[in-house]
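Asker: Handing you a structure now.
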Amino acid sequence: GLAVSMAHLAQTLPHDEALYRTTYPPLIDNSGDAAIAGGGIWPEPNAFASGTERRSFFWARNASGALDYSDDYNKPDGPGYHNDAWYTGARSAAGNACAWSEAYQDPVSKVPMVTCSVPYQLQGRFAGVSTIDLRLDDLARFLKEQGTVTGGYAFALDQAGNVLFFP
């Protein structure tokens, strides 16, 4: 729901960098929800500003749990976020639900994560993606607890069929 709300907001907010930088961090923080590792808004080339190929707005939790803004994905010498699977997979997804990435290990924190990507449109055309990155390091405890509710067990697979947890 959070990523869907962020996408809907991207469809209506004026394209003002200062407004994005003040509006999105409290949403992504979600009242300090530690399960959220970060998130952002990732416009298509020229969708945020004409002549601007990369104009992402991304925040990630630092070691103290606060959100830090990162401009790294906008560097012209980088590979371009538009080519990443979490982005391309959302291009044709419905705008009211997540397109889930495969589980991955975050290269900085070394924590297992998954990304929820939701596309958004401007004037009836695909204009970008909103994302929320979720930590999976507490998944085993959660599924063990939930499995005992029915006297059975719970397990989780990612969208590619990789086992995330099996008791």
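The values are calculated or read from the model by the stated rules, or taken from the named source; none is laboratory data. A quick note: this is a predicted structure, and the numbers were derived from the prediction, not measured. Note that each Cβ is placed from the backbone with ideal geometry, even for glycine, and that neighbours are counted across all protein chains shown. Side chains included, ligands, DNA and RNA excluded: accessible areas come from the protein's heavy atoms. Shrake-Rupley method; radii C 1.70, N 1.55, O 1.52, S 1.80 Å.
Asker: When the residues of the range 157-167 are filtered to those that are open to solvent by less than 60 Å² (accessible area, probe 1.4 Å) and outside any strand (DSSP E or B), which remaining residue is farthest from Gln11 (Cα to Cα)?
Answerer: We begin by selecting, within the range 157-167, every residue open to solvent by less than 60 Å² (accessible area, probe 1.4 Å); these are 158, 160-161, 165.
Among the residues that remain, those that are also outside any strand (DSSP E or B) are: 158, 160-161.
Numbers: Asp158: 29, Ala160: 30, Gly161: 33 Å.
Selected residue: Gly161.
Asker: OK, next. Under the condition of being over 19 Å from Leu2 (Cα atoms) and assigned to a strand (DSSP E or B), which residue from the range 100-111 is most open to solvent (accessible area, probe 1.4 Å)?
Answerer: Gln105
Asker: Enumerate the pairs (first residue in the range 2-21 and closer than 15 Å to Gly38 by Cα; second residue anywhere and exposed (fewer than 11 other Cβ atoms within 10 Å of the Cβ) and among the small types (Gly, Ala, Ser)) with beta-carbon separation below 7 Å, excluding pairs fewer than 6 apart on the same chain, so at least 6 apart or on different chains.
Answerer: none
Asker: What's the total number of residues in the range 5-35 that are within 20 Å of Tyr81 (Cα to Cα) and either over 18 Å from the mean Cα position of the chain (by Cα) or open to solvent by less than 40 Å² (accessible area, probe 1.4 Å) (or both)?
Answerer: So in the range 5-35, the residues within 20 Å of Tyr81 (Cα to Cα) come out as 6-7, 10-11, 15, 17, 20-21, 24-25, 28.
Applying the additional criterion that residues be either over 18 Å from the mean Cα position of the chain (by Cα) or open to solvent by less than 40 Å² (accessible area, probe 1.4 Å) (or both) yields 6-7, 10, 15, 17, 20, 24-25, 28.
Within the range 5-35, residues that are within 20 Å of Tyr81 (Cα to Cα) and either over 18 Å from the mean Cα position of the chain (by Cα) or open to solvent by less than 40 Å² (accessible area, probe 1.4 Å) (or both) number 9.
Asker: Out of Ala154, Ala140, Ala97, report the one residue that is under 22 Å from Asp33 (Cβ atoms), surrounded by fewer than 20 Cβ atoms within 10 Å (Cβ to Cβ) and either in contact (Cβ under 8 Å) with a residue 60 or more places away in the chain or under 12 Å from the mean Cα position of the chain (by Cα) (or both).
Answerer: Numbers: Ala154 fails: either in contact (Cβ under 8 Å) with a residue 60 or more places away in the chain or under 12 Å from the mean Cα position of the chain (by Cα) (or both); Ala140 fails: either in contact (Cβ under 8 Å) with a residue 60 or more places away in the chain or under 12 Å from the mean Cα position of the chain (by Cα) (or both).
Criteria check complete, one pass: Ala97.
Asker: Still on this structure, I have one more. Can you name the residue in the range 112-133 that is without any contact (Cβ under 8 Å) to a residue 60 or more places away in the chain and assigned to a strand (DSSP E or B) and is also most open to solvent (accessible area, probe 1.4 Å) among such residues? Can you show your working first?
Answerer: Here is the first cut: in the range 112-133, the ones without any contact (Cβ under 8 Å) to a residue 60 or more places away in the chain are 112, 114-115, 123-125.
Of the ones still in play, those that are also assigned to a strand (DSSP E or B) are 112, 114-115, 125.
Working: Pro112: 57, Val114: 17, Thr115: 6, Arg125: 175 Å².
Filtering the range 112-133 for residues that are without any contact (Cβ under 8 Å) to a residue 60 or more places away in the chain and assigned to a strand (DSSP E or B), the one most open to solvent (accessible area, probe 1.4 Å) comes out as Arg125.
Asker: Separate question: For the structure I just gave you, tell me whether Tyr120 is modelled with pLDDT of 80 or more, under 18 Å from the mean Cα position of the chain (by Cα) and either over 24 Å from Tyr20 (Cβ atoms) or among the acidic types (Asp, Glu) (or both). Show your work before the answer.
Answerer: Details: modelled with pLDDT of 80 or more: yes; under 18 Å from the mean Cα position of the chain (by Cα): yes; either over 24 Å from Tyr20 (Cβ atoms) or among the acidic types (Asp, Glu) (or both): no.
It is false that Tyr120 is modelled with pLDDT of 80 or more, under 18 Å from the mean Cα position of the chain (by Cα) and either over 24 Å from Tyr20 (Cβ atoms) or among the acidic types (Asp, Glu) (or both).
Asker: Moving on to the next point. For Ala63, work out the one condition from (1) aliphatic (A, V, I, L, M); (2) more than 16 Å from the chain's Cα centre (by Cα); (3) open to solvent by less than 60 Å² (accessible area, probe 1.4 Å) it doesn't fulfil.
Answerer: (3)
Asker: If you go through the range 72-89, how many residues are open to solvent by 80 Å² or more (accessible area, probe 1.4 Å), over 18 Å from Val118 (Cβ atoms) and in contact with a Lys or Arg (Cβ under 8 Å, 6 or more places away or on another chain)?
Answerer: Within the range 72-89, residues that are open to solvent by 80 Å² or more (accessible area, probe 1.4 Å), over 18 Å from Val118 (Cβ atoms) and in contact with a Lys or Arg (Cβ under 8 Å, 6 or more places away or on another chain) number 2.
Asker: Among (1) in a loop (DSSP other than H, G, I, E, B); (2) open to solvent by less than 50 Å² (accessible area, probe 1.4 Å), there is one condition Ile41 misses while meeting the rest; what is its number?
Answerer: Here Ile41 clears every test but (1).
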